[in-house]
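The values are calculated or read from the model by the stated rules, or taken from the named source; none is laboratory data. Computed from a predicted structure; not experimentally measured. Because the Cβ atoms are built from the backbone with ideal geometry, glycine has one as well, and the counts that use them run over all protein chains shown. Side chains included, ligands, DNA and RNA excluded: accessible areas come from the protein's heavy atoms. Shrake-Rupley method; radii C 1.70, N 1.55, O 1.52, S 1.80 Å.
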Amino acid sequence: MAPLDLYEVRGLLSDEERMVQDTVARFVSARVLPIIRECFEQHRFPRELVPEIAALGLLGSSIKEFGCAGLNGVSYGLICQELERGDSAIRSFVSVQSSLCMHPIHVFGSDEQRARFLPGMARGELIGCFGLTEPHGGSDPANMKTHARRRGGDWVLNGAKMWITNGSIADVAVVWAQTDEGIRGFLIERGMRGFTATEIEHKFSLRASVTAALYLEDVVVPQAGVLPGVVGLKGPLACLTQARYGITWGVIGAAQACLAELLEYTRSRELFGRPLAQNQAVQIRLADMARRITTAQLLSLQLGRLKDQGAMTPTQVSLAKWNNCRAALDIARDCRDLLGGAGISAEYGPIRHMLNLESVITYEGTQTIHQLAVGRELTGINAF
Ligand SMILES: Cc1cc2nc3c(=O)[nH]c(=O)nc-3n(C[C@H](O)[C@H](O)[C@H](O)COP(=O)(O)OP(=O)(O)OC[C@H]3O[C@@H](n4cnc5c(N)ncnc54)[C@H](O)[C@@H]3O)c2cc1C
């Protein structure tokens, strides 16, 4: 029995899905794991991996045209899972590029916008970011201060966005702004006058990911730079549903990586004349980790099957994002603890995963926000 897949979830996958998983797993083992510790320590995003990630078809993988791989939702989930086994930063890069930037351009963009951006983004030649969160509070995006006003045939944008993944390396930013007609999406390109992106330094989490603040000061965007297909908060929320779905899978990979390392450690570490793994208290903790991983795997797989049938709902995604992030973070923290003093060393993965997961449980809706979304579904009462 595979210790990281007690319910043989892999047996529920199609041949193609298994192939995708194996391909990404090989890439992560060969190219991510050897460098990720150093990247984390140096606060550096390994940008040199982007062409390889693109060549594997991992960018915009669900899109069927524009040079994208056209894979199903479960395959996208498996991509996220294997990438995050390496590091949440690599998965975050792919999530943002695919679900938060290519997805809105694909579903809400014009033909010209799709043709202009998607092929280059699939090849990794253009990097995208998604600007929704603002400095005064991300949990309440309806209270958006960034605004766009019409001026002749153009729009003029003012405001600021905070905590934006890929922000300072992005060639194109999907920025959401309040207008007289409601919230709209704007494509802001690197170098536009009045637009600046500043990397946020000194993070203790997602150190191998670029996170930035975006500033917009009288940025003039032509009408051709507005996403024509959506007005209102449902635009960004639809993108977040896609990305959160991928997160539910991704964090499983991080949790599996932690447990795998811990299993090895508890077998070889001898205390009180016996391996650590020979203690009931330790086995109970290991068993609990396996239970949480198994539950998360089954939630994500069923969510993916629903997604591929076109039946996945945002509430289901909220429940899985909450459950799986909580499970992964608790597992990473417990693995860190069971490693003892060694657990605080960068020699071992759990503390890096643990620190990363503190961001992952916060971004794209905190646990509280997803609990309130499920509560709203159950009661019919909006408690936000
Ligand atoms: C590393 C990183 C990368 C990110 N990348 C992006 C990105 O690419 N694009 C983007 O737009 N955003 C991004 N974010 C922002 C992220 O989505 C927000 O941080 C998140 O939504 C929370 O918003 P906030 O930080 O403003 O916290 P706040 O909204 O200020 O929340 C603070 C606390 O209050 C709690 N809270 C809020 N409302 C309630 C309530 N009604 N009842 C009880 N408790 C409540 C929250 O759960 C939280 O614990 C990123 C964040 C991080 C850390």
Touching a Gly at 6+ places or on another chain (Cβ under 7 Å), open to solvent by 20 Å² or more (accessible area, probe 1.4 Å), part of a helix (DSSP H, G or I) and modelled with pLDDT of 95 or more: which single residue out of D337, D330 fits that description?
D337
Looking only at residues in the stretch 340-366 that are part of a loop (DSSP other than H, G, I, E, B) and more than 15 Å from the ligand (Cβ to nearest atom), which one is surrounded by the most Cβ atoms within 10 Å (Cβ to Cβ)?
G349
Working only within the stretch 139-185, note down all residues that are β-branched (V, I, T) and either within 18 Å of the chain's Cα centre (by Cα) or closer than 17 Å to I105 by Cβ (or both).
I164, T165, I169, V172, V174, V175, I183
Can we say F93 is more than 16 Å from the ligand (Cβ to nearest atom), open to solvent by less than 50 Å² (accessible area, probe 1.4 Å) and outside any strand (DSSP E or B)?
no
Which numbered condition T146 misses (of (1) open to solvent by 60 Å² or more (accessible area, probe 1.4 Å); (2) within 27 Å of T368 (Cβ to Cβ))
(1)
Checking the condition surrounded by 24 or more Cβ atoms within 10 Å (Cβ to Cβ) and assigned to a loop (DSSP other than H, G, I, E, B), which residue from L71, L100, L83, L58 passes?
L58
Take the stretch 103-141 and flag every residue that is within 24 Å of Y215 (Cα to Cα), crowded, with 22+ Cβ neighbours inside 10 Å and small (G, A, S).
G109, G128, G131
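Does G232 satisfy the criteria of being away from the ligand (no atom under 16 Å from the Cβ), open to solvent by 30 Å² or more (accessible area, probe 1.4 Å), of a type outside the set (V, I, T) and in a loop (DSSP other than H, G, I, E, B)?
Taking the combined requirement at face value, the residue does not satisfy it.
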Return the residues of the stretch 161-201 that are surrounded by fewer than 17 Cβ atoms within 10 Å (Cβ to Cβ), within 13 Å of the ligand (Cβ to nearest atom) and either among the aromatic types (F, W, Y) or free of Cβ contacts under 8 Å to residues at least 60 places away in the same chain (or both); say none if nothing qualifies.
E199, I200
Just wondering, is there one or more residues in the stretch 123-144 that are in contact with a Gly (Cβ under 6 Å, 6 or more places away or on another chain) and more than 21 Å from R44 (Cα to Cα)?
no
If I filter the stretch 47-64 for residues that are among the charged types (D, E, K, R) and more than 22 Å from E125 (Cβ to Cβ), do I get at least one hit?
no
Check the stretch 280-301 and report whether any residue there is surrounded by 14 or more Cβ atoms within 10 Å (Cβ to Cβ) and not in a helix (DSSP H, G or I).
no
For the stretch 105-129, which positions are basic (K, R) and free of Cβ contacts under 8 Å to residues at least 12 places away in the same chain?
R116
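Can you tell me which residues in the stretch 367-384 are open to solvent by less than 40 Å² (accessible area, probe 1.4 Å) and either hydroxyl-bearing (S, T, Y) or more than 10 Å from the ligand (Cβ to nearest atom) (or both)?
Those that are open to solvent by less than 40 Å² (accessible area, probe 1.4 Å) and either hydroxyl-bearing (S, T, Y) or more than 10 Å from the ligand (Cβ to nearest atom) (or both): A373, V374, G375.
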Kindly evaluate R269 against the criterion of being within 16 Å of the ligand (Cβ to nearest atom), farther than 24 Å from G250 by Cα and surrounded by fewer than 20 Cβ atoms within 10 Å (Cβ to Cβ).
no
Pairs, first more than 15 Å from D337 (Cα to Cα) in the stretch 269-289, second open to solvent by less than 100 Å² (accessible area, probe 1.4 Å), C-beta under 8 Å, six or more apart:
E270/L276; P275/T266; P275/S268
For the condition crowded, with 20+ Cβ neighbours inside 10 Å, in a loop (DSSP other than H, G, I, E, B) and within 12 Å of the ligand (Cβ to nearest atom), what is the one hit in A208, A212, A243?
A208
Per-region count, the stretch 100-117, residues touching a helix residue (DSSP H, G or I) at 6+ places or on another chain (Cβ under 6 Å) and closer than 10 Å to G128 by Cα:
3
For the subset of the stretch 1-19 comprising residues that are part of a loop (DSSP other than H, G, I, E, B) and acidic (D, E), which member is most open to solvent (accessible area, probe 1.4 Å)?
E8
